[in-house]
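The values are calculated or read from the model by the stated rules, or taken from the named source; none is laboratory data. Not measured: the values here are computed from a predicted model. Cβ sites come from the backbone with ideal geometry, for glycine too, and all protein chains shown count toward neighbours. To get the accessible areas, we keep the full protein, side chains included, count just its heavy atoms, and leave off ligands, DNA and RNA. Shrake-Rupley method; radii C 1.70, N 1.55, O 1.52, S 1.80 Å.
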Amino acid sequence: MSYVTIHGKARLLAPALLAVALAACSGKDDSTPAAAAGTPAGPAATPAEPAVSAKVQSMGTDQLRDSASTALRENRMYAPAGDNAMEYYLALRDKLPDDAAVKSALTDLQPYTLIAAEQSLAREDFPEAQRLVALIEKVDPSAPALPRLKQGITRGMEVAVKRTQEETDKVKKDTEDRAKQLVEQQRLAQQQAAEANAAQQLAARQEAARKESERLEAERQAAAKREADARTAAQQVAAAPKPAAAAPTLRAVSTPAPRYPADALRSGTSGEVLVELTVGTDGSVTDARVLRANPPRVFDREALNAVRRWRFEPISSPTTTRRTLAFQPNQ
């Protein structure tokens, strides 16, 4: 295929879109003439690889023509790297610097490459944007859009690096926060476990204290009961009647008989009187009283008069005794 055919093919691919792209690029450059002409565009990132791959550069002119024609037919104007019309035409221009058709083809392809560079920059595909910018710069080092594109790549990469750093810092901070939260959760878990253990120990101590208090109260009540039982027993012992001491033996010295009442004697009345008498230590009767008389009040006086005259041998302590006096008229 001749250069004219290739050049014609390239012109067929440059419709109104090319005019729009050129107008857009021209408008953007006019808005910042100082930055494009006088001020450096910032630290522009240069591609690690040359604009035209070594493989393409090593191809001969005929092979380059054929490859460029095929790339145009398959719409590979600027991509993929190492197999696109731009690289093939640039390699042809290096080999044929005065070929007008090659220059025209590059001029026609440049706006498409510019648009692709803008799109790569917009989606933050900086390696692709750098590769396309390198193609544009090789076609025309003084292209008006180059400073803006390079500055956009530099700023975009800075923003991307900053965003990546911020995301890294955020991930790091989130990781640190999660680690702190985990540590805090572990601390709280340990604190809760310690508090639960302390509560269990306190409950155990309180239960032990309660049981000890119950034991002491039971012992106190038992001691109080024993003391009360002892007091009751002592009171019962104290209240129990003491066995009477053995009464001293009374030995009568004089026991005159009672005088028989005249009325009872005339009527032939008989009877008896039970007298209780107390004998003093000297043997005399200190007290006497009638306990029972039959018949009543007939022989009482004479019985008492007779008992009060009785005498006994002296004794160690006063003694009370009982005597029955009988009254018979025939005696």
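Given the residues 273, 307, which is the only one that is buried (at least 17 other Cβ atoms within 10 Å of the Cβ), closer than 22 Å to residue 330 by Cβ, touching a Lys or Arg at 6+ places or on another chain (Cβ under 8 Å) and in contact (Cβ under 8 Å) with a residue 24 or more places away in the chain? Lay out the reasoning, then the answer.
Working: 307 fails: closer than 22 Å to residue 330 by Cβ.
The conditions single out 273.
Out of 37, 79, I need the residue that is modelled with pLDDT under 50 and either among the aliphatic types (A, V, I, L, M) or in contact with a Gly (Cβ under 9 Å, 6 or more places away or on another chain) (or both). Which one? If you could, list the steps in order and put the result at the bottom.
On the way: 79 fails: modelled with pLDDT under 50.
None of the other options fit; the residue is 37.
So that you can scan it fast, the table gives a plain yes or no per residue for (1) touching a residue at least 40 places away in the same chain (Cβ under 8 Å); (2) open to solvent by less than 90 Å² (accessible area, probe 1.4 Å); (3) basic (Lys, Arg):
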position: 167; (1), (2), (3): no, no, no
position: 171; (1), (2), (3): no, yes, no
position: 177; (1), (2), (3): no, yes, no
position: 181; (1), (2), (3): no, no, no
position: 186; (1), (2), (3): no, no, no
position: 190; (1), (2), (3): no, no, no
position: 198; (1), (2), (3): no, yes, no
position: 210; (1), (2), (3): no, no, yes
position: 214; (1), (2), (3): no, no, no
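What's the number of the condition residue 224 fails, among (1) over 30 Å from residue 322 (Cα atoms); (2) touching a Gly at 6+ places or on another chain (Cβ under 9 Å)?
Going through (1) over 30 Å from residue 322 (Cα atoms); (2) touching a Gly at 6+ places or on another chain (Cβ under 9 Å) one by one, residue 224 breaks only (2).
So is residue 129 touching a residue at least 12 places away in the same chain (Cβ under 8 Å), part of a helix (DSSP H, G or I), within 30 Å of residue 160 (Cα to Cα) and small (Gly, Ala, Ser) or not? First the steps, then the outcome.
Working: touching a residue at least 12 places away in the same chain (Cβ under 8 Å): yes; part of a helix (DSSP H, G or I): yes; within 30 Å of residue 160 (Cα to Cα): yes; small (Gly, Ala, Ser): yes.
Here the answer is yes, as residue 129 does meet what is asked.
Would you list the strands (runs of 3 or more DSSP E) that sit entirely within the range 234-324 and hold 3 or more residues that are among the hydrophobic types (A, V, I, L, M, F, W, C)?
Numbers: elements: 252-254, 271-279, 285-294.
Fully inside the range 234-324 and qualifying: 271-279, 285-294.
Would you check which residues across the range 235-255 are at pLDDT below 75 and open to solvent by less than 100 Å² (accessible area, probe 1.4 Å) and list them? So that I can check it myself, show each step before the final result.
Kept after step one, since they are at pLDDT below 75, are these residues of the range 235-255: 236-247.
238, 239, 240, 244, 245, 246, 247, listed by residue number.
Suppose we filter the range 152-165 for residues that are more than 27 Å from residue 105 (Cα to Cα) and in contact (Cβ under 8 Å) with a residue 60 or more places away in the chain; how many remain?
Within the range 152-165, residues that are more than 27 Å from residue 105 (Cα to Cα) and in contact (Cβ under 8 Å) with a residue 60 or more places away in the chain number 3.
Return the residue satisfying two criteria in turn: it lies in the range 153-209 and is under 27 Å from residue 123 (Cα atoms) and among the hydrophobic types (A, V, I, L, M, F, W, C), and of such residues it is nearest to the chain's Cα centre (by Cα).
Among those residues, the one meeting the criterion is 171.
Does any residue of the range 133-151 turn out to be open to solvent by less than 70 Å² (accessible area, probe 1.4 Å) and in contact with a Gly (Cβ under 8 Å, 6 or more places away or on another chain)? Write out each step before concluding.
In the first step, residues of the range 133-151 are kept if they are open to solvent by less than 70 Å² (accessible area, probe 1.4 Å); the result is 133-140, 143, 145-151.
Those left that are additionally in contact with a Gly (Cβ under 8 Å, 6 or more places away or on another chain): 150-151.
Looking for residues that are open to solvent by less than 70 Å² (accessible area, probe 1.4 Å) and in contact with a Gly (Cβ under 8 Å, 6 or more places away or on another chain), one finds at least one in the range 133-151, hence yes.
Of all residues in the range 282-294, how many are over 11 Å from residue 325 (Cα atoms) and surrounded by 13 or more Cβ atoms within 10 Å (Cβ to Cβ)? Before the answer, list the steps.
Step one: filter the range 282-294 for residues over 11 Å from residue 325 (Cα atoms), giving 282-289, 291.
With surrounded by 13 or more Cβ atoms within 10 Å (Cβ to Cβ) added as a condition, the list becomes 283-288.
Looking only at that region, the number is 6.
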